[in-house]
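To start, the structure itself, in structure tokens.
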Amino acid sequence: MTRWKDNRKQYQREWRAKNPNYYKEFWQKNLEHNRERARINATRWVKNNPEKARQVRQKCYYKDIDKSRELLRKRFHILRKNLMKLLGCAKCNHCHISDYEILHFDHINGGGSKEIKLRGNTSMYYYYLRNPELAKKTLQVLCANCNAKKRHTNQEIFKKDVNSR
Ligand SMILES: [Zn+2]
């Protein structure tokens, strides 16, 4: 690093120490805009440094593993509820039972297990929340019973070419 750069950094550091509240106020003045910009920058950084980002994520995750798991669980249920809201309501499409715990997302034309294998459960929810029109075409809410019945009558198990959409 050249000398003038060193000098400038030193100067900036001193200036910041003298005016500790300047950046805080600067940030607060245009909060929404700054947050949005920070978000964009962070996304770009993650895209450019995938390996480092993974390390940071892991470090955060293992710092307090119980809390992380709890957060993941909460996020999972929020996504699930949002997706149900998107598809109409939290009710079975056939028998209209509304027990949250036994409701499943069913792929109308089959191919669900294949897609879960490909994307993973949570990212599949994200995918369909980002593409609501596709979600309405592809998914429906079914209870465990109706889902099993549908699978049986459509012979979706052991079918070779289920993913034909
Ligand atoms: Zn049902």
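Out of the range 122-146, which residues are closer than 16 Å to LEU79 by Cα, free of Cβ contacts under 8 Å to residues at least 40 places away in the same chain and loosely packed, with under 13 Cβ neighbours inside 10 Å?
We begin by selecting, within the range 122-146, every residue closer than 16 Å to LEU79 by Cα; these are 122-132, 135-136, 139-141.
So of that shortlist, the ones also free of Cβ contacts under 8 Å to residues at least 40 places away in the same chain come out as 123-124, 127, 130-131.
SER123, ARG130, ASN131 - these are the residues of the range 122-146 that are closer than 16 Å to LEU79 by Cα, free of Cβ contacts under 8 Å to residues at least 40 places away in the same chain and loosely packed, with under 13 Cβ neighbours inside 10 Å.
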Q) With the range 48-127 as the region, which helices (runs of 4 or more DSSP H) entirely inside it contain at least 1 residues that are of a type outside the set (S, T, N, Q) and closer than 23 Å to ALA144 by Cβ? A) 65-86, 112-119
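No lab work stands behind these numbers, since they all come straight from the coordinates. Not measured: the values here are computed from a predicted model. For neighbour counting, all protein chains shown are included, and Cβ atoms are generated from backbone atoms with ideal geometry for every residue, glycine included.
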